Amino acid sequence: MLTGLLIIFPLIAAILVFLTKGKTARNAALVLSVLEFIISLLVFYQFKHNPGAKELLLNCTWIESLGIKFAVGIDGISLLMVMLTTFLVPLIILSSYKNEYDKPNSFYGLILLMQMALVGVFIANDGFLFYIFWELALIPIYFICLLWGGEDRGRITFKFFVYTLLGSLFMLVGLVFLYQHTGGATGIKSWALNDLYAAGKNLSLYQQSFVFWSIFVAFAIKMPIFPFHTWQPDTYVTAPTQGTMLLSGIMLKMGTFGLIKWLMPIVPLALAKWGNTAMMMSVFGIIYASCIAIAQKDYKRLIAYSSIAHVGLIAAGILAFNQQGLQGAVIQMLGHGVNVVGLFLIADILFRHTGTRNIDSLGGIRNVNPQFAVLFLIVLLGSVALPLTNGFVGEFLLISGIYKYGAWTAAIAGLSVILGAVYMLRSYQNIMLGEVKTSTAGFGELAKSDKAVLIIVCAAIIAFGVYPKPLNDVTEPAVKALLENLK
Amino acid sequence: MIKLIGLVPLFPLIGFLINGFIGKKLSKGVSGAIGSFSILASFVVSLLIFIELNGSAQKSHVVDLFSWISSGNLQVPFSFLVDPLSALFLLIITGIGFLIHVYSVGYMHEDEGFSRFFTYLNLFVFFMLLLVLGNNYLIMFVGWEGVGLCSYLLIGFWFKNTAYNNAAKKAFVINRIGDLGFLLGIILIFFTFNTISYGEVFKLANTGIAAQGTITAIALLLFIGAMGKSAQIPLYTWLPDAMAGPTPVSALIHAATMVTAGIYMIVRSNIFYSMSDVASETVAVVGAATALFAATIGMVQTDIKKVLAYSTVSQLGLMFLALGAGAYSSAVFHVATHAFFKALLFLGAGSVIHAMGGEQDIRKMGALKKALPVTFFTMAIGTIAISGIPPFSGFFSKDEILAHVYEENKLLWFIGSVTSMLTAFYMFRMFYLTFFGKFRGTHEQEHHLHESPKSMTVPLIVLAILAALGGVMGLPEFWGTHNWIADYLSPLIYRKNPSILSHETEWVLMGLAVAAAAVSIYTAYNVYRKNNILPAAKEEDMGGAERFVYHKYKVDEFYEAVITKPLNLISEAFYKFFDLKIVDGIVNGTGQAVNWFSELIRKLQTGNIGFYILAMVAGIVAILFTSLF
């Protein structure tokens, strides 16, 4: 029941918000998204005390003839992804308070609709349902980017839409193929996740390879990892800040989450054969995107490329497929989600206060607003994974996991530790340090809503860096169970 | 008391939080007092723990705080280790840290970032304490990167200055190169021993379960970390630039404590190095090379802080030489004495700079003896101590190191001895040029010359006493005296190599060292005191070789050319060519191909019924054919 509520509530909230007018929309959206966060806390509480509780499961027949069920459930990994979503959405809404959007009821309604789809993706236990939510998530973000985006949004959003849709269609082919092979013993076909697992294991290497690549491409585009990433920088830069936050903070985790739950356990043989190729793509992408980030002048684009580097490391950790790699991936998905929302808000603040995001035209903001300088620095440290920030726990586990896969692979992936420091510190210096420039002299104070979001983000960065135990407690057994399943 | 070890880092943390959140609203007096007394409180607790530890038979106490990271076999508790090594470092960090905090109250008094300075400084002490207190490698790493952050913040303390900001960034990035090595080392330790807690790792290593190659790899990876933090070739170039920070920072972070973290790490992990000759030899050679190389640069520098910076790099090299020779306790001994005299020298230099209104060029100083009597006297002690003149502290630690190196390798001993000679020379060069001769600054500077306030001179005096007498920690065995520090550290040294030198040899070596120092000092006296020869005032007046060394052998330029520039080029090429043209070009090309193909197909939709019927018939015929055959 509770999990059903997790999905239904944002839908109702979205409809309510669509019906409001003017500024009430954003306040209503904020309150409703906080309520959704509270519901997710209840789920968390329930899961901690009784992971097998009925409240966490929902299994209704949907389209009987095709074996499709409305089946949702929670495990440790999906729980954390849901928590990430419900934690970030209120922050994303709050971060928009200084932007005046036309038709606010549609804007915030779409955000909430998107939240429904995202939660659905993370808790679906039925392949068809998973696919439906997966595609459903694309629609609101498409409109958010198209209607409220920046320059050249038509072309860029179209490319993003077609590119990701194409990936999803490949995934559909893969899933249908799997579905066709279910029910080996009983003859009853099913989309249930466990049945897909069973079906996948019985496939030949050739068939598994087909499934692997068709589904992998969808996930690789969504994250994105090299070389499927070229829609991302333009889209991130053009989308309204809240759209970028949704895309990078939560939506890209659909790809990494899918990899963990909807691909790797299904096709063990193909993984053994093609895992190395995918690993090489991920690791090369880390270095590639880090280098490109060094060459960026537009701060938003710089973060976009740094995000490709970070997600490459997460993907590599997943592909290493061991306790440390997977656990690090999940923890880093949370860390990256929080940090990247902070970074994109900073980019937005810079633009609103100075009219530019070009790091060479900025400078000396620290003189004018030292408080902002401190908050910015903390987000940056989380992003470069300094110990005692949330970024470090995940990154250490990821590099450990990759090391188990291959020492040299880990050494190369680890170069991101150095390159990340290069581009992050360089941009921080150009933006914040030095003498005040004319562009930054009138920077002024932060808006209350911006300050609130940054403080919450910074608090999360430090809290989970110093005391990641709650994350360990959830992820450790979940990953162990996943690995046990495969044996 | 040992159970309360958590208090030691807690006090600076509290100081950091108070000054960080409300420091600006506090008066400078209160802000400075919070900063200083939080360190004093830590020092008192550290001292009590030190005394308790000395009295107790158990030499290693683990205090668990909470579980930090847990992932399958990988269990990382947040826990502290109190043993002779960490207890000694606690005293150095908090003791010297306290003196430098007090000194900073005077030194930074006019600075608008006064409370911010103490915020950073307290945070630094907090992380430095974590570094030495951690009971596993990852907690050491937490402190390790944490002090790197504080170093970054303090080098760039005057953040309006672009050159300083660049120096700060350079320090952080170069340290990160080392940190990656360290991190991989930790991971390798974990996969080899299934644990990263010191006690268990060393016990397992001692049983010999790990392959020789693995041990060597671990030792070398950890050493890469040490090269970064302790400024050894090839990762030393950040330390001279780090002098951009306020002088108390140079004294505390870039001389007395943080830069010795690499030595701490290797002493802590001594078992790996004593098990691997390859690793030990690497450490020794890198140390010796760095010691000599930095000393030659120090010979021609004219910025008082730069002289001291290169001297620090050189002295750190000497410590690594000791480590490579297996003389772990001698290296720690030198860490301690070096902390005394180098902190003293930096703070003295700060006092001079303070009096000179910010001037750092020794060519523009001179004759400061009279105006700055306390600074002069205390710096004299520091200079003598570093030069290795008995009975000052540096003499004992340096002599012990060189004796051990002599046993291992005569060539390295020779390099170490030459380094010591050079050290004595350039230190006295700096000393004479600063305090003797004629005053070479402006009239205005001369008019303003003044001795520093009590808050600055008292720490100088205390450090001078330590620099003078610190040698008692490790009096030579062959004098029939007690080498306290060697005994004190012996519980954690896994493979001991007792000295095999005869007393006669030791006496000869010692005599040679003292004679060499005396010759150096006499030469410096002749050139800079008696004949009043000044270093070239302008670069153009220097000889070619001198200019090359003055420019630090152009190593920075070399790195710029082979690393920084190519990296920027690659980044641009990846972005502008590879990403935008090729990868995205293929994506857009695919889209265009679809468009083009659609255009082609579109032409089939002619609207001509006759054409459609023809096509249908053709289709039927084709189907018939395929199903027939």
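Think of chain B as having a plus end and a minus end, set by charges on the Cβ of Lys, Arg, Asp and Glu; of B:Asn136, B:Ala295, B:Ala87, B:Ala295 sits farthest toward the positive end of this dipole. Take the convex hull of the alpha carbons in chain A; its mean projected area over all directions comes to 20.8 nm².
Taking other C-beta atoms within 10 Å as the exposure proxy, B:Leu138, A:Leu146 rank A:Leu146, B:Leu138 from fewest upward. Put simply, segment B:556-628 fits an ellipsoid with semi-axes of 58, 15, 4 Å; these come from the alpha carbon gyration tensor as the roots of five times its eigenvalues, largest first. Note on segment A:211-262: along the principal axes its Cα atoms extend 35, 20, 11 Å, ordered by decreasing extent.
Under 14 Å from the Cα of A:Lys451, which aspartates and glutamates turn up, not counting those fewer than eight places away in the same chain? Within reach: A:Asp348. Remark: segment B:315-550 projects, on average over all directions, an area of 14.1 nm² (convex hull of Cα atoms).
Taken about its Cα centre, segment B:315-550 carries a charge dipole of roughly 480 debye when the Cβ of each Lys and Arg holds +1 and the Cβ of each Asp and Glu holds -1.
Applied to segment B:535-551, the Karplus parametrisation 6.51 cos²θ - 1.76 cosθ + 1.60 on θ = phi - 60° returns per-residue 3J(HN,Hα) values of x, 3, 6, 10, 4, 5, 7, 7, x, x, 5, 4, 5, 4, 6, 4, 8 Hz, with x for Gly and Pro.
Pairs from the table (B:Lys169/B:Lys565; A:Lys437/B:Lys24; B:Lys160/B:Lys538; A:Lys201/A:Lys273; A:Lys437/B:Lys28; A:Lys98/A:Lys222) lying more than 19 angstrom apart at Cα are A:Lys437/B:Lys24; B:Lys160/B:Lys538; A:Lys437/B:Lys28; A:Lys98/A:Lys222. A DSSP coil position with no more than 11 other Cβ atoms inside 10 Å describes none of the chymotrypsin sites (Phe, Trp or Tyr not before Pro) in segment A:5-49. Inverting the pair-averaged 1/r between distinct Cα atoms of chain B gives 26.5 Å as its Kirkwood hydrodynamic radius. For segment A:2-485, the relative contact order works out to 14 percent when only alpha carbon pairs closer than 8 Å and six or more residues apart are counted. Reported to the nearest whole Å, the Cα centre-to-centre distance from segment A:394-411 to segment A:184-228 is 26. In segment B:76-170, which GluC sites (Glu not before Pro) fall in coil by DSSP and have 10 or fewer other Cβ atoms within 10 Å? Within segment B:76-170, the qualifying GluC sites (Glu not before Pro) (loop, at most 10 other Cβ atoms within 10 Å) are B:Glu110, B:Glu112. Under 19 Å of direct C-alpha separation, and excluding same-chain neighbours fewer than eight residues apart, A:Lys48 reaches these lysines: A:Lys469, A:Lys480.
In plain terms, the chain from B:Asp277 to B:Ala518 could stretch by 83.2 nm, reckoned as 0.36 nm per residue minus the Cα-Cα distance.
Counting only alpha carbon atoms, the long axis of helix A:76-94 and the longest principal axis of chain A meet at about 30°.
Checking every one of the chymotrypsin sites (Phe, Trp or Tyr not before Pro) in segment A:201-299 against DSSP loop status and a limit of 12 other Cβ atoms within 10 Å picks out no site at all. Pick out, from B:Gly181, A:Ala411, A:Gly355, the residue whose Cα sits farthest towards the positive end of the charge dipole of the protein assembly as shown, with +1 on the Cβ of Lys and Arg and -1 on the Cβ of Asp and Glu. The listed residue farthest towards the positive side: A:Gly355. A straight line joining the Cα centroids of segment B:454-523 and segment B:300-353 runs 14 Å. What FRET efficiency would be calculated for the residue pair A:Lys23, B:Lys538, taking the C-beta separation as r and a Förster radius of 51 Å, to the nearest 0.05? The pair A:Lys23/B:Lys538 has a calculated efficiency of 0.15.
As a calculated quantity, the FRET efficiency between B:Ile22 and A:Asn485 at R0 = 60 Å, using C-beta atoms, amounts to about 0.70. Based solely on its DSSP helices, what 222 nm [θ] is calculated for chain B when runs of n ≥ 4 H residues each add -39,500 (n - 2.57) and the sum is averaged over all residues, nearest 500 deg cm²/dmol? Calculated mean residue ellipticity at 222 nm is -22500 deg cm²/dmol. Between 0 and 90 degrees, the angle of helix A:24-49 with respect to the longest Cα principal axis of chain A falls at about 50 degrees. Length available on full extension from B:Phe414 to B:Val562: 0.36 nm per residue minus the Cα-Cα distance, which gives 50.0 nm.
Pairs A:Lys300/A:Lys448; A:Lys21/A:Lys54; A:Lys159/A:Lys448; B:Lys25/B:Lys370; B:Lys203/B:Lys410: which are spaced more than 29 Å apart, C-alpha to C-alpha? Over 29 Å apart, Cα to Cα: A:Lys21/A:Lys54; A:Lys159/A:Lys448; B:Lys25/B:Lys370; B:Lys203/B:Lys410. Of all lysines in the structure, those lying under 17 Å Cα to Cα from B:Lys530, and not within fewer than 8 positions of it along the same chain, are B:Lys369, B:Lys438.
Computed about its Cα centre, the charge dipole of the protein assembly as shown is approximately 1400 debye, with only Lys, Arg, Asp and Glu carrying charge at their Cβ. Our estimate of slack between B:Leu604 and B:Leu65, defined as 0.36 nm per intervening residue step minus the Cα-Cα distance, is 186.4 nm. Per residue, the convex hull spanned by the Cα atoms of the protein assembly as shown amounts to 202 cubic angstrom. Sorted ascending by nearby beta carbons within 10 Å, beginning with the fewest, B:His450, B:His334, B:His503, A:His353 become B:His450, B:His503, A:His353, B:His334. For chain B, the Cβ-based charge dipole about the Cα centre amounts to some 940 debye (Lys, Arg positive; Asp, Glu negative; other atoms uncharged). Between B:Ile582 and B:His482, the modelled labels are 7.1 nm apart [label points 7 Å from Cα along Cα→Cβ].
Every read-out reported here was derived from the displayed coordinates using simple, explicitly stated rules and does not represent laboratory data. Owing to the predicted nature of the structure, the values given are computational and were not obtained by experimental measurement. In this analysis, Cβ positions are derived from the backbone assuming ideal geometry, glycine residues included, and neighbour counts consider all displayed protein chains.
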